[in-house]
1. Using the Kirkwood formula on the Cα atoms of segment B:187-289, what hydrodynamic radius do you get, in angstrom to one decimal?
2. How far apart, in nm, are two points set 7 Å out from the Cα along the Cα-to-Cβ line at residue A:47 and at residue B:249?
3. In peptide A:31-43, how many Cβ atoms from other protein chains are near each Cβ within 10 Å, on average?
4. Counting other beta carbons within 10 Å of each Cβ, put B:226, B:27 in order, fewest first.
5. How well do other chains shield peptide A:154-167, expressed as the mean number of their Cβ atoms within 10 Å of each residue Cβ?
6. Go through B:17-23, A:41-47 and give me the packing order, highest mean Cβ count within 10 Å leading.
7. Just counting partner chain Cβ atoms within 10 Å, what average do the residues of peptide B:204-216 show around their Cβ?
8. Could you list B:47, A:133 so that the one with the fewest beta carbons within 10 Å of its beta carbon is first and the one with the most is last?
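Rule-based calculations on the coordinates, nothing more; no lab input. From a predicted model like this one, the values you see are computed outputs, not experimental measurements. Note that we place each Cβ from the backbone using ideal geometry, even for glycine, and neighbour counts take in every protein chain shown.
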Ligand SMILES: [Zn+2]
């Protein structure tokens with residue numbers, strides 16, 4: 001998306017709305033909420049378009065990162081449970097201390113995204129489900145353990161093992 | 001890395017990268033990150049994976065009115081109409097049932113709390129042929145001309161409609177069914193109704209980890225004292241897969257682990273047997289599925 005031009009925004013919308021909306025629905029499972037998030041995402045993209053650094057990753061990755069963060073924020077405030085993570089502010093998308101990591105970022109090609117998807121679906125069931133609950137529903141390991149009625153140690157191991165397998169697939 | 005505390009944090013990088021740590025654990029881990037190169041490198045190496053996962057959700061067609069709302073509100077400019085969506089639809093990802101053939105469908109809005117069953121249904125609906133005015137009730141007439149997976153979509157849509165409120169299977173099981181059905185490495189076998197059950201049909205779906213889901217519909221009511229039993233029909237002898245007890249409408253969703261001895265795809269059959277099941281099939285065959293080749 002370039003320089004906040006309305007046409008560019010429309011083009012980005014037409015190109016990426018389905019991925020954005022699909023992710024928002026995946027997280028929120030509610031059309032009204034998902035639409036609100038889409039609104040927020042493109043609004044944020046519009047205002048930040050000038051800051052967006054195309055070398056840092058594809059537009060769609062950027063939009064999806066915003067989408068997940070916004071959607072999980074909304075999901076958590078909807079849950080409004082005392083044991084949930086904070087209901088507002090930046091969540092889930094890991095923000096590492098700059099001093100430690102610098103501004104490095106990945107560029108995910110369509111090919112590696114596809115590889116990742118297929119690796120995800122090939123994971124043992126519990127690993128995959130645990131990862132999806134944590135990632136798409138913003139649950140903590142404790143909450144995942146409750147949902148799956150598994151010991152927390154098991155969930156911890158499943159998530160980690162699954163993620164390491166995905167990393168291997170991505171790097172292969 | 002000479003931090004003596006590293007050991008206790010060793011396993012947390014993955015959970016941190018996923019955003020799955022609770023607040024206290026996260027704070028503690030971030031403090032540790034400031035002094036531990038090893039953990040920093042581990043997290044760094046995992047971030048492309050977690051970022052990549054955002055691409056793992058199924059793309060969905062958004063309501064048409066949303067475009068004007070978003071573009072109008074964001075830019076203050078009335079947007080020009082969208083180009084024909086055909087090209088955009090082509091890149092619909094649908095890996096579960098038919099790898100390369102993709103169709104999109106505007107998925108009906110879920111009721112709040114519809115949860116995973118909705119997703120199961122929605123995912124399959126996306127696989128079905130699209131267009132407005134698409135109703136489950138019409139599908140009975142259209143099924144023949146449409147691709148095979150319309151069946152499963154239809155059955156699930158119908159079941160979701162009818163049983164959304166009554167489905168009480170554990171969240172974990174629904175998650176598991178979802179995970180299998182929506183996977184991109186899914187194998188499948190159609191089972192068709194035999195003369196005793198012409199309206200019955202089923203679909204077996206399995207993943208690489210040998211988890212199988214069988215979705216059956218249209219099964220006749222069981223006589224008292226009987227049960228349906230599903231079989232893998234191997235060359236030497238049938239191997240029991242699971243017992244199947246359909247709900248009042250003749251639908252059943254069962255999950256099972258495929259035994260090691262079974263190489264899929266293989267012939268599968270559903271027979272009627274005495275309650276509790278039997279070691280080898282004795283009753284009539286209600287459903288039969290044979291691999292394409
Ligand atoms: Zn460490």
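1. About 13.4 Å for segment B:187-289.
2. 4.6 nm
3. That average works out to 4.
4. B:27, B:226
5. Neighbouring Cβ atoms belonging to other protein chains average 5 per residue here.
6. Ranked from most to least packed, the peptides come out as B:17-23, A:41-47.
7. 2
8. Exposure proxy ranking, most exposed first: B:47, A:133.
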